[in-house]
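Visitor: This is the structure I have questions about; it appears just below.
The numbers here are math on the coordinates, done by the rules we state, and not lab data. As the structure is a computational prediction, the values presented were derived from the model and not from experiment. We place every Cβ from the backbone using ideal geometry, glycine too, and count neighbours over all the protein chains shown.
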Protein chains: 2
Amino acid sequence: MHPRIIDTLKRRQLSITDSRKKILELFLERKAALAHADIEQHSGDEFDRVTIYRTLQTFVEKGILHTIPSADNSVKYALCKDACTEGHHHDNHVHFMCDACGITYCLDHVTVPAVQLPPGYQVHQLDLVASGTCIKCQ
Amino acid sequence: MHPRIIDTLKRRQLSITDSRKKILELFLERKAALAHADIEQHSGDEFDRVTIYRTLQTFVEKGILHTIPSADNSVKYALCKDACTEGHHHDNHVHFMCDACGITYCLDHVTVPAVQLPPGYQVHQLDLVASGTCIKCQ
DNA sequence: ACACAAATGCAACTTTGTTGCAAAATAAAT
DNA sequence: ATTTATTTTGCAACAAAGTTGCATTTGTGT
Ligand SMILES: [Mn+2]
Ligand SMILES: [Mn+2]
Ligand SMILES: [Zn+2]
Ligand SMILES: [Zn+2]
């Protein structure tokens, strides 16, 4: 088991359960974003569908995962950096979705540029999603 | 009926049907983006749910509507500019979702800034979605 | 007015997401 | 280490969202 798992859960005062450990491990070993359906597939019938929904929701609330918007009605989830805490996310990096292999990457080192909006719009969050062909699919 | 409706459909060689006229009119009179559910509500039981799905899909394919990504599993649709044609969208503007009123706006005059991605990533599309408080909800 | 092609409505179905509650697992207290 | 309290899980039942095939209707071109 990945050494960060217990620590990550404890720091958020979450009980250490099998499903949480396993789902967190999935995210730690794959580097890419995962959708609910991906997790359901990779965990077989180890947990109930409902447990996966609730675990993802908890992880987002506690700052362990962040969501990635998409135009195809399939929200993906990816690991946050340590800076994120309960209710305070700082995932201001660009995301990349590959049209060929379907993988979604967090480009942690590419920050979202500031944009000048018309006066009167107060921005709380900026999401920039790029799509195209990833480095493996060229 | 809005004067642009017939023209818009004919230019894409689409048959002029009641549902297409009505759905297109909805988008033309409201300036904001609409989700499938919004259209279903505003059209009562005038058309079948399936017809709305198929109409939206056709409109996206033909360059009449574009989709707007979101992090809450609810795809919204908005009118394209005339530049968009079948299979070739040019909707490179910023979108704004208001947390208060829920309205999603196309900021047609705010273009998405270029970003420098790591080498090997070939970008086909860039989507920038801002969220916060809109001008009416301040 | 007619023939052909395209779009619609309906039904049946699949997939996705939600909720309440009893049972099981985890954490805290003794 | 046991017991108690709290939290999480699985199940069932449900609601919402999206898909597909096919007969009927509507629209288009002659
Ligand atoms: Mn990310
Ligand atoms: Mn737009
Ligand atoms: Zn790829
Ligand atoms: Zn608003």
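Visitor: Towards the positive end of the charge dipole of the stretch A:1-54, with charges on Cβ (+1 Lys, Arg; -1 Asp, Glu), say which of A:SER15, A:TYR53, A:LEU26 has the farthest Cα.
Guide: The one lying farthest along the dipole's positive direction is A:SER15.
Visitor: Quick check: convex hull of the Cα atoms in the protein assembly as shown, volume per residue, rounded to a whole Å³?
Guide: Value for the protein assembly as shown: 160 Å³ per residue.
Visitor: Another question about this same structure. Helix-only mean residue ellipticity at 222 nm, chain A, DSSP H runs n ≥ 4 weighted -39,500 (n - 2.57), per residue, nearest 500. What is it?
Guide: Rounded to the nearest 500, the figure is -8500 deg cm²/dmol.
Visitor: Does chain B classify as rounded, prolate or oblate by the C-alpha gyration tensor (a ≥ b ≥ c root eigenvalues; a/c under 1.5 gives rounded; else a/b over b/c gives prolate, otherwise oblate)?
Guide: Oblate shape, in that a/c is at least 1.5 and b/c is the bigger or equal ratio.
Visitor: How big, in percent, is the set of alpha carbon pairs in the stretch B:68-136 lying more than 18 Å apart?
Guide: 46 percent
Visitor: Could you tell me what percent of the DSSP beta bridges with both partners in chain A are antiparallel, to the nearest 5?
Guide: 75 percent
Visitor: Determine the shielding of peptide B:114-120 by partner chains: average, over its residues, the number of Cβ atoms on other chains within 10 angstrom of each Cβ.
Guide: 5
Visitor: What dipole magnitude, in Debye to the nearest 20, does chain A give about its Cα centre under +1 on Lys/Arg Cβ and -1 on Asp/Glu Cβ?
Guide: Charge dipole, chain A, about its Cα centre: 340 debye, nearest 20.
Visitor: Give the long-range amide H neighbours of B:LEU65: residues separated by 5 or more places, or on another chain, with amide H under 5 Å away, using H modelled in the peptide plane at 1.01 Å from N.
Guide: Correct list: B:VAL60, B:CYS80.
Visitor: Within 10 Å of each Cβ of B:95-103, how many other protein chain Cβ atoms are there on average?
Guide: Per residue, the average neighbour count from other chains is 2.
Visitor: Report relative contact order for chain A in percent, whole number only (criteria: Cα-Cα under 8 Å, sequence separation at least 6).
Guide: Relative contact order for chain A comes out at 19 percent.
Visitor: Considering only C-alpha atoms, what is the centroid distance from the stretch A:44-87 to the stretch A:96-113, in Å?
Guide: Computed from Cα coordinates, the inter-centre distance equals 17 Å.
Visitor: Give the residue from A:HIS93, B:ALA35, B:PRO113 lying farthest towards the positive end of the charge dipole for the protein assembly as shown; charges sit on Cβ (+1 for Lys and Arg, -1 for Asp and Glu) and the dipole is referred to the Cα centre.
Guide: Looking along the dipole axis, the top candidate is B:PRO113.
Visitor: With 10 angstrom as the radius, rank B:GLU40, B:GLU86, B:GLU29 by how many other C-beta atoms surround their C-beta, starting from the fewest. Kindly include the intermediate steps, with their values, before the conclusion.
Guide: Values: B:GLU40 17, B:GLU86 11, B:GLU29 8.
Ranked by crowding around the Cβ, least crowded first: B:GLU29, B:GLU86, B:GLU40.
Visitor: How about A:LYS62: which lysines have a C-alpha closer than 24 Å to its C-alpha, ignoring those fewer than 8 places off in the same chain?
Guide: A:LYS10, A:LYS21, A:LYS22, A:LYS31, A:LYS76, A:LYS81
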